[in-house]
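S.K.: Sharing a structure with you now.
Readers should treat all values here as calculations from the given coordinates under stated rules, not as data from a laboratory. All values derive from a computational prediction rather than experimental measurement. Glycine gets a Cβ as well: all are built from the backbone with ideal geometry, and neighbour counts include every protein chain shown.
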Amino acid sequence: MSQTLDAPVPVSDPIGHGKPPKRSGSAAWETPRWLYAVLAVGLVVVVVPFLWMLVSSFKPEAEVRAVPPTWWPETVTTENYDQLFTQLDFPRYFANSAIVALAVAIGNMVFCSMLGYALAKLQFPGKKVLFAVVLGTLMVPGVVTFVPLFVLTTNIGLTNTLPGMILPFLAGPFGVFLMRQFILSLPDELIQAARIDGAGELRIFFSVILPLCGPAVATLGVLTFLTSWNNFLWPLVVATSEEKFTLPVALALYAVGQNATKYGLLLAGAVVVVIPVLAVFLALQRHIMQGIAMTGIK
Amino acid sequence: MAAGTPSRHVDPTRRQQAIAAWVLALPFVVLFLIFTAGPVLASLGMSFTDMRSVDVRTPLAVQFVGIDNYTQLLADPLFRKVTLNTLLYLLLGVPLTMAVALAAAVGLNRVTRLRGFFRVGYYLPVVTSIVAVSVVWKFLLRDNGGLVNTMLGWVGIDGPAYLDSTTLALPTLVLMAVWRNFGALMVVFLAGLQTVPREVLEAAESDGASGWARFRHITLPMLRPTLLFGAVITSIGYLQFFEEAFVMTKGGPLDSTRSVTYFTYDQFGFGNYGYAAAASYLLFLAIVLLTLLQFRLLREKD
């Protein structure tokens, strides 16, 4: 099973950084100019919606609705943001999202490295079953579990609480898989040397292995933070009153509810959801892309 | 293993390893049992009961109704419609996403400069909230004053009200989802392309093979496992289509964009927990079958 999932991911050059082997110099292998043009057009299609969102969020409501639309704001205003952060409860939604995402990220960083190490380097009964369980969990969609989860959280008093949003995502299969892949690449000799020095098994993990996992753990932290920040279905179900909304829940309910026609407000809301994530991603993109390529899954 | 040692005693370091391994696995296992395995089984159990929201505090006091929920679902015209819609999301979304992702990956693989720059750029939508980008696209796609129709107007095309049309709304949502998702698959394909040796491609070229022939007869076959993997991951995603429709069309017009996940969420909202669980289980079944099919297909080639 592991082999099948590992198969599509080449280990040698996971992110395609490698320079191609020295070329024979035939002109056909030079990059054609038109290719850059096509790629650039594609990039424009990808990026323009974000730019338009950002720019339009600083337009007054009337200008957002203008036909034909203006590209650059004729009047620059922060009224949409003022409304989000003073009349609406966006500071709270932002805090909820951040707390949940941070807790989920920390939980995954700790628990997934632990199991990832066990699966990568230790021999123990039940290992194969456990790894199969991790891979199997990857294909369990949230829609299958949310109804019984809601019954469960209601009965243990976690509905409409932040822990109720955090706990189900505290140790995900993706993180275990990522950490296992990374730790597999660490040399066994390190562990054997520590054993000969008389270090206990848990001590080996915490003081020998974990310090070497810095980049992978950081990548995992960022990826799980982003996934949690964007998570929608479960927070939508479990947050039953407004003060527990996360940003996507609040934005979605505004977009289909009484604020559906306040375009400027909704665009500013989208900016608040999207821009922090894009900023984090752009700052750390090298690590993130590497982590993604390491597992072949998002 | 212990069986290899002459004495009946288990090697002490082996035992220490096993204990340590299970200690390290414990948090994951506990969380998995409570929040994944438990609910997956409970969902199956619930799907055979008439559980409703009033039973939420007494989940064991509900009536067993056998396969009633399932027979009712298959006869429910709305469920049939959302199943058909979900299949359409799958059948339109998967090939389109794969085609765009593959084209982008092949293009990026060919360029020598700015590869990292383009790769990050194309990946941007993947990290953003589907809810947020759906809000943005809802405005971009407005009939009057939307950016898309304004730009079409420059070349004399009078664009329709995409999201108000029972025929256009679903394909439009698919296109937006392709825009949002192709970058994820592109990264996977780009990694796969590194396994295609350039020497082989160059040799084929000097033998006179055209660009298309090289792609068709060398690159594609070598990429087969990656493509299959990508197809399954993408299919699982489209089978759970929900947020785009929730924000952009509320499942309308006339349920033309409502998906199985959306239906399940609605039924949960109406308090029909048993019915919702049954619907979600049918979806789960489809996902499991697709995944097994992937393993099967990959193994055939091994």
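S.K.: My understanding is that a pair violates if its Cα-Cα distance is over 31 Å; which of A:K127/A:K244; A:K244/B:K81; A:K59/A:K244; A:K128/B:K81; A:K59/B:K250 do that in this structure?
M.R.: Checking Cα-Cα distances, A:K127/A:K244; A:K244/B:K81; A:K128/B:K81 exceed 31 Å.
S.K.: Only Cα pairs under 8 Å and at least 6 apart count here; give the relative contact order of chain B as a rounded whole percent.
M.R.: Value for chain B: 27 percent.
S.K.: Once both labels are modelled 7 Å past Cα along the beta-carbon direction, what's the B:T112-A:I106 spacing in nm?
M.R.: It is 4.9 nm.
S.K.: Quick one: among A:G175, A:G164, A:G198, which has the greatest mean-square fluctuation in a GNM of chain A with alpha-carbon springs under 10 angstrom?
M.R.: Of A:G175, A:G164, A:G198, the Gaussian network model singles out A:G198 as fluctuating most.
S.K.: With everything on Cα atoms, drop me the angle between helix A:90-121 and the longest principal axis of chain A, reported from 0 to 90° to the nearest 10.
M.R.: 20 degrees
S.K.: Hey, fewest Cβ within 10 Å first, where do A:M109, B:M222 land in order?
M.R.: B:M222, A:M109
S.K.: Can you list the residues, at least 5 places off or on another chain, whose amide H is less than 5 Å from the amide H of B:T49, using H built in the peptide plane?
M.R.: Excluding prolines and chain starts, which carry no amide H, the hits are B:V65.
S.K.: Which shape class applies to chain B: rounded if a/c is under 1.5, otherwise prolate when a/b exceeds b/c and oblate if not, where a ≥ b ≥ c are the square roots of the Cα gyration tensor eigenvalues?
M.R.: oblate
S.K.: Using a 10 Å cut-off around each Cβ, can you sort B:K138, A:K244, A:K262 from fewest to most neighbouring Cβ atoms?
M.R.: Lowest to highest Cβ neighbour count: A:K262, A:K244, B:K138.
S.K.: Using only DSSP helix segments of four residues or longer, with each worth -39500 (n - 2.57), what per-residue ellipticity at 222 nm results for the protein assembly as shown after dividing by its residue count and rounding to 500?
M.R.: The helix contribution divided over the protein assembly as shown gives -21000 deg cm²/dmol.
S.K.: From the P(r) of the range A:69-116, could you give the percentage of C-alpha pairs in the tail past 18 Å?
M.R.: I get 59 percent for the Cα pairs in the range A:69-116 exceeding 18 Å.
S.K.: Can you list the HN-Hα couplings for the range B:37-48, worked out from phi with the Karplus curve (6.51, -1.76, 1.60; θ = phi - 60°), rounded to whole Hz and with x for Gly and Pro?
M.R.: Per-residue couplings from phi come out as 4, x, x, 4, 6, 4, 4, 4, x, 4, 5, 9 Hz.
S.K.: Same structure again: On a 0 to 90 degree scale, rounded to 10, what angle separates helix A:127-137 from the longest Cα axis of chain A?
M.R.: 10 degrees
S.K.: Would you mind giving the average projected area, over all directions, of the Cα convex hull of the protein assembly as shown in nm² with one decimal?
M.R.: Mean projected area for the protein assembly as shown: 31.7 nm², to one decimal.
S.K.: To continue, here is another question. Using Cα springs under 10 Å in a Gaussian network model of chain B, which residue among B:A21, B:A103, B:A276 shows the largest mean-square fluctuation?
M.R.: B:A21
S.K.: Kindly state, to the nearest 0.05, the FRET efficiency for B:A209 paired with B:L84, given R0 = 56 Å and r defined as their beta-carbon distance.
M.R.: After rounding, the FRET efficiency stands at 0.85.
S.K.: Which of B:I67, B:I233, B:I34 ends up with the largest GNM mean-square fluctuation for chain B, with Cα atoms connected below 10 Å?
M.R.: Sorting by GNM fluctuation, first place goes to B:I34.
S.K.: Whole-Hz ³J(HN,Hα) for each residue in the range B:258-268, computed from phi via Karplus 6.51 cos²θ - 1.76 cosθ + 1.60 with θ = phi - 60°, x for glycine and proline: what do you get?
M.R.: 6, 10, 5, 4, 4, 4, 4, 4, 4, 4, 4
S.K.: How big, in percent, is the set of alpha carbon pairs in the range B:57-208 lying more than 20 Å apart?
M.R.: 68 percent
S.K.: What are the semi-axes of the equivalent ellipsoid for the range A:80-295, taken as the square roots of 5 times the Cα gyration tensor eigenvalues, largest first, in whole Å?
M.R.: 38, 20, 14
S.K.: Could I ask something else about it? Taking a temperature of 25 °C and a viscosity of 0.890 mPa s, what whole-number D in µm²/s does Stokes-Einstein yield for the range A:104-190 with Rh from Kirkwood over alpha carbon pairs?
M.R.: 171 µm²/s
S.K.: Further, regarding this structure: Would you mind ranking B:H217, A:H287 so that the residue whose beta carbon has the fewest other beta carbons within 10 Å leads the list?
M.R.: B:H217, A:H287
S.K.: With the Cα gyration tensor of the range B:167-302 giving a ≥ b ≥ c as the square roots of its eigenvalues, does the rule (a/c under 1.5 for rounded; else a/b larger than b/c for prolate; else oblate) give rounded, prolate or oblate?
M.R.: Cα axes put the range B:167-302 in the prolate bin.
S.K.: While we're looking at this one, here's another question. Taking the Cα centre of the protein assembly as shown as origin, sum charge times position over the Cβ atoms of Lys and Arg (+1) and Asp and Glu (-1), and report the length of that vector in debye to the nearest 20.
M.R.: 1300 debye
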